[in-house]
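Here is the structure we will look at.
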Amino acid sequence: MWDAIIITPFINVILFIYSFMGQNFGIAIILFTIIIRLITHPLMVKQIKGAQGMQNMQNDEEWKKVQEKFKGDKEKLAQEQMKYYKEKGINPFASCLPTLIQFPIIIALYQSIIASLAATPVEVLNLVRHVYPGFLDVSTLIPLNSQFLWMDLGQPERLNLPFLSFGIPILAILVVISTYVQSKLIQPPSANPKDQSAMMGNMMNIYMPFFMGYLALTLASGLSLYFLVSNLLGIAQYAMLGKVNWKNLIPGAKPNKPAAISTKRKK
């Protein structure tokens, strides 16, 4: 079922773009990334709404009273926080939803890239089985041109310079930086840095870039290219929606004061 619903469509879309764009696998991955970003755009809107709700929560007098009342009872405060989320219609996981959706896409894309770059007769046969009948003529595409700039998209990326005895993982470095910048730019300002949601966001800002960088360092560079382009597109999308918090990149900058929300509870 995984192959039929996810892997096979991915392979067909990538190969179609590859054949249409002059058999350039790097361009095919970039265009595929754009398509994925457009499809997941509604999830980004939900992420923005969830983040805005979490931000407004910090300036809500009702929530401040709850915090003051149960400041010595963390368990009760956590229960009241979940109750508050429900009554205000806030999804605390909305800001993480696009990231969670990315994981199956990452796995599927990696498998699709490896399958598309078939080299042996067995791999070619497996690839042919994934292509929709009559959709593409695989014989005109195989073997795929996996070279893009200095990279072999089927192998981990390293830039080899004549005066160095080791390769520099340029893409992995760029993935770490762009993931960190994206997470910081889209993080809503918090009036209370010690708040649970703010602490969780700060932890994600630290761990996620290094995790993505590790994947970019060890897996096929085609996947690293997807990470980098996806991060840049994400920043561009948030900027166009006016939701980028540029102050987050400035150390010591004070966050903007969140807008107040109504304390009237939903019935």
Q. Can you name every residue in the stretch 130-144 that is at pLDDT 85 or above and either touching a Lys or Arg at 6+ places or on another chain (Cβ under 7 Å) or open to solvent by 50 Å² or more (accessible area, probe 1.4 Å) (or both)?
A. TYR132
**Q.** Of the criteria (1) closer than 30 Å to ILE114 by Cβ; (2) crowded, with 16+ Cβ neighbours inside 10 Å, which one MET1 fails
**A.** (2)
Q: Please verify whether the stretch 157-171 includes one or more residues that are open to solvent by less than 60 Å² (accessible area, probe 1.4 Å), part of a helix (DSSP H, G or I), of a type in the set (A, V, I, L, M) and modelled with pLDDT of 90 or more.
A: yes
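Quick one: count up the residues across the stretch 115-125 that are open to solvent by 70 Å² or more (accessible area, probe 1.4 Å) and either closer than 26 Å to PHE227 by Cα or modelled with pLDDT of 80 or more (or both). Working first, answer last.
Taking the stretch 115-125 as the starting set, the residues that turn out to be open to solvent by 70 Å² or more (accessible area, probe 1.4 Å) are 119, 121-123, 125.
When the remaining residues are screened for being either closer than 26 Å to PHE227 by Cα or modelled with pLDDT of 80 or more (or both), the result is 119, 122-123, 125.
Residues flagged as open to solvent by 70 Å² or more (accessible area, probe 1.4 Å) and either closer than 26 Å to PHE227 by Cα or modelled with pLDDT of 80 or more (or both) within the stretch 115-125 amount to 4.
Would the stretch 19-26 turn up any residue that is open to solvent by less than 40 Å² (accessible area, probe 1.4 Å), within 21 Å of ALA115 (Cβ to Cβ), in a helix (DSSP H, G or I) and touching a residue at least 60 places away in the same chain (Cβ under 8 Å)?
yes
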**Q.** Pairs where the first residue, in the stretch 60-80, is more than 16 Å from ILE90 (Cα to Cα) and the second is part of a loop (DSSP other than H, G, I, E, B) and hydroxyl-bearing (Ser, Thr, Tyr), C-beta under 7 Å, 6+ apart
**A.** GLU61/THR263
Q: Residue by residue through the stretch 44-71, note down the ones that are within 16 Å of the chain's Cα centre (by Cα) and open to solvent by 40 Å² or more (accessible area, probe 1.4 Å).
A: VAL45, LYS46
(Q) Here are the criteria: (1) under 30 Å from ALA115 (Cα atoms); (2) without any contact (Cβ under 8 Å) to a residue 60 or more places away in the chain; (3) not in a loop (DSSP other than H, G, I, E, B). Tell me which single one ILE34 does not satisfy. (A) (2)
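The values are calculated or read from the model by the stated rules, or taken from the named source; none is laboratory data. If you're wondering where the values come from, they're calculated on a predicted model, not measured in any experiment. Reconstructed Cβ throughout: ideal geometry from the backbone, glycine too, with neighbour counts over all protein chains shown. Just so you know, the surface numbers come from the protein's heavy atoms only, side chains and all, with ligands and any DNA or RNA stripped out. Shrake-Rupley method; radii C 1.70, N 1.55, O 1.52, S 1.80 Å.
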